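What follows is one structure encoded as structure tokens, with my remarks underneath.
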Amino acid sequence: MMRSQRIYKVAYLSLVIMTSDSLATGEAMHSVIAPPSCSNNQGEPVLFISRSGLQGRVAAGMANRDTDGTPVIYRMNYDKATPAFQRFVDFHECAHHQVGHVDQLHPPRNSFEHLMNESIADCVAILRVREEANESFDGVIEGLKTAMALVGFPKISTDSRISNVTNCYQDHGSSAEFIESVLNQSGAN
Ligand SMILES: [Zn+2]
């Protein structure tokens, strides 16, 4: 398989954070948090790598394997996101490693499977927020709303995503249990 096919890009452009106004004034620069612990479903540690792109207004994450096979998460323009949302993006990308998405063929964009994978990653991420940074829940929701609106997603898409995240936060057990159930269902365990 071509290496490029294995790239697992973030759906929903979940991670666009700031307006051009705040960029211009420099008001919304944030300090970048230390990355959380993360290892994939094979027990390999995941390396976090910061990158600045030409499109400096957009903060984003991407989970992949590097050219030498090392599991990595690229953190792009994280200083454009609040710490609460940076952490959520880290957890979301880590989840793609934890449930094995990174090593699966990327499903077609906007296919059911693709959207399912994004819902799973969001669910794991908000459970880790609950476990490791519960005080930032409201900040995560605000960050999601802002990002989705900025990218131009219709309100129904935003509502659906917030609904999934909120249901996971309220109804699910631990992130470890949820990851285990996903791995069992996918036969990756
Ligand atoms: Zn994703």
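Please treat every number below as a calculation from the coordinates, not as lab data. As the structure is a computational prediction, the values presented were derived from the model and not from experiment. Methodologically, a virtual Cβ is constructed for each residue, glycine included, from the backbone with ideal geometry; neighbour enumeration extends over all protein chains shown.
Taking 0.36 nm per intervening residue step and subtracting the Cα-Cα distance, what contour gain separates K145 from F112 on full extension?
9.7 nm
Give me S181, S175, S37 sorted ascending by neighbouring Cβ count inside 10 Å, so fewest comes first.
In order of increasing Cβ crowding within 10 Å: S37, S181, S175.
Sorted from fewest to most neighbouring beta carbons within 10 Å, what does the list C123, C94, C38 look like?
Going from least to most buried by this count: C38, C123, C94.
Rounded to the nearest 0.05, what FRET efficiency do E132 and S39 have when you use their Cβ-Cβ distance and R0 = 25 Å?
FRET efficiency, E132 to S39: 0.95.
Can you sort E135, E44, E93 by how many other beta carbons sit within 10 Å, fewest first?
The order, fewest Cβ neighbours first, is E135, E44, E93.
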